[in-house]
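*Asks:* Take this structure, written in structure tokens, and hold onto it; I'll ask about it next.
Please treat every number below as a calculation from the coordinates, not as lab data. Values in this document were obtained by computation on a predicted structure and should not be read as measured data. A quick note on method: Cβ atoms are made from the backbone with ideal geometry, for glycine too, and the neighbour counts reach across all protein chains shown.
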Amino acid sequence: MDIEKFIARRKALKISQVKLSNGICTQATLSKFERRGRVPALAILNQLCARLGLTVDDLSENQANSVTQIRQQLDEIERRLMMEDYQSVLQSLVDLKVEQIDAVPSRMQYYYLCGMLSSLINGTASDICFSFSQIVDDLDRAHQTIFTPLAYVGLGVMYGRLAEPEKAQFYFRRVRYYVEHAGSSGYANDYLRLLTLIFYTAEYYAISGDFVTSNRLIDDGVALCSDEHVTYYLPRLKYLATENAVKQQLSDKLIKRLMSETEAFARINHNQVVEVKVAALRQRYLQGIAASENN
């Protein structure tokens with residue numbers, strides 16, 4: 001981040017640190033940014049830049065190529081995380097150092113990916129909490145970006161796997177609120193991440209036995225995929241719907257239709273993880289039917 005450009009603009013406009021920070025943050029926060037490179041929360045930095053007639057992106061102009069390259073890398077890693085390619089995601093994050101990332105949104109994305117991956121592969125709670133605290137306690141302290149509810153999802157997943165249901169419920173209730181108010185929160189256009197919120201919340205309610213809420217969220221996710229013409233999450237949403245149908249002992253016709261749809265979407269999206277899962281689920285389901293008929 002080109003902090004010198006920020007300082008030069010402030011001095012050219014003859015605005016003191018006290019005047020610039022007034023009503024936005026403390027003078028100490030601004031001083032730490034200018035002298036030590038400690039980047040404040042995105043909401044604060046946006047306001048400071050706006051007061052100087054700049055944007056946050058303006059501070060990265062001299063590094064435009066590297067900024068774009070890192071953003072593309074992170075987007076690709078996030079796509080692979082959606083596809084459950086955890087080994088590849090892990091290796092990519094190891095290769096990418098946070099020190100390389102100056103842009104605040106990209107830093108939030110990096111910490112989200114680190115925390116979410118750790119939550120999904122049973123990483124240590126301390127590492128997970130550290131990653132997400134970088135977002136909710138520092139980079140997005142005002143909780144104005146979608147990375148805050150994404151952090152809540154990761155924390156909910158972590159506590160669910162640690163068998164701490166009250167803590168998991170606390171976070172997923174918050175996420176559900178964000179999902180239900182996505183339009184007013186400004187997240188509606190960030191539909192891939194909104195689908196992440198929807199999927200893991202639906203999965204949580206399914207595990208909790210609340211199939212009504214889970215299925216409603218699944219339907220919302222499928223509708224969003226249809227509206228936005230995206231298919232990344234369809235295999236996982238359809239698989240979750242199939243699991244729910246089996247657990248609810250719904251009709252054989254419906255269950256088999258859902259299995260076929262899941263297999264089809266998994267093949268289209270080259271999601272081998274879901275292909276394996278649905279094949280195993282089909283086998284267990286058919287074995288269960290055969291056993292009940294023999295009895």
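*Asks:* Starting from the exponent 0.38 and prefactor 2.2 Å, build the expected Rg for segment 3-55 from its residue count and divide its actual Cα Rg by it. Before the final figure, lay out the partial values.
*Replies:* Numbers: Rg = 9.6 Å, N = 53, 2.2 N^0.38 = 9.9 Å.
For segment 3-55, the normalised Cα radius of gyration comes out at 0.97.
*Asks:* Give the dimensionless ratio obtained when the Cα radius of gyration of segment 231-295 is divided by 2.2 N^0.38 Å. Mind showing how you got there, number by number?
*Replies:* Values: Rg = 11.9 Å, N = 65, 2.2 N^0.38 = 10.7 Å.
Dividing the Cα Rg of segment 231-295 by 2.2 N^0.38 Å gives 1.11.
*Asks:* Report Rg/Rh for segment 1-159, rounded to two decimals, where Rg is the Cα radius of gyration and Rh the Kirkwood radius. Don't jump to the answer; show the numbers that get you there.
*Replies:* Details: Rg = 16.9 Å, Rh = 16.6 Å.
Ratio of gyration radius to Kirkwood radius: 1.02.
*Asks:* With an 8 Å cut-off on Cα pairs and a minimum separation of 6 or more residues, tell me the relative contact order of the chain in percent. Present the calculation step by step, with values, prior to reporting the outcome.
*Replies:* Details: 309 pairs, mean separation 30.3, N = 295.
Once divided by the residue count of the chain, the mean separation gives 10 percent.
*Asks:* For segment 236-287 and segment 103-121, what is the separation of their C-alpha centers, rounded to whole Å?
*Replies:* 29 Å
*Asks:* Divide by every residue of the chain the summed helix terms, -39500 (n - 2.57) for each DSSP H run of at least 4, and state the resulting mean residue ellipticity at 222 nm, rounded to the nearest 500 deg cm²/dmol. Please list the in-between numbers first.
*Replies:* On the way: 16 runs with 215 residues, N = 295.
Only helices count here, giving -23500 deg cm²/dmol.
*Asks:* I've got another one for you. Tell me, in nm to one decimal, what length is gained between D219 and S292 on full extension, where the rule is 0.36 nm per residue of separation less the Cα-Cα distance?
*Replies:* On the way: separation 73, 0.36 × 73 = 26.28 nm, distance 3.08 nm.
Net length gain for the segment: 23.2 nm.
*Asks:* I would also like to ask the following. Return a single number: how many Lys pairs in the chain, at a sequence separation of 8 or more or on separate chains, have alpha-carbon atoms below 20 angstrom apart.
*Replies:* Count of close lysine pairs: 15.
*Asks:* Right, here's the next one. Which of Y178, Y200 has the fewest other C-beta atoms within 10 Å, and how do the rest follow up to the most? All intermediate terms of the calculation are to be shown ahead of the outcome.
*Replies:* Values: Y178 20, Y200 25.
Fewest-to-most ranking of Y178, Y200: Y178, Y200.
*Asks:* Follow-up question, since we're still on this one. How much net charge surrounds Y159 when only other residues with a Cβ under 10 Å from its Cβ are counted (Lys, Arg +1; Asp, Glu -1)?
*Replies:* Values: positive: R161, K167; negative: E164, E166.
Residues near Y159 contribute 0 overall.
*Asks:* Test of understanding: extend the Cα→C-beta vector of T231 to 7 Å, then name every residue of segment 263-295 with backbone N under 20 Å from that spot.
*Replies:* 263-279
*Asks:* If you don't mind, there's one more thing I want to ask. I need the calculated FRET efficiency for the pair L250 and E166, taking r as the beta carbon distance and R₀ as 45 Å, to the nearest 0.05. Each step should come with its number before you reach the end.
*Replies:* Values: r = 30 Å, r/R0 = 0.67.
For L250 and E166, the calculated efficiency is 0.90.
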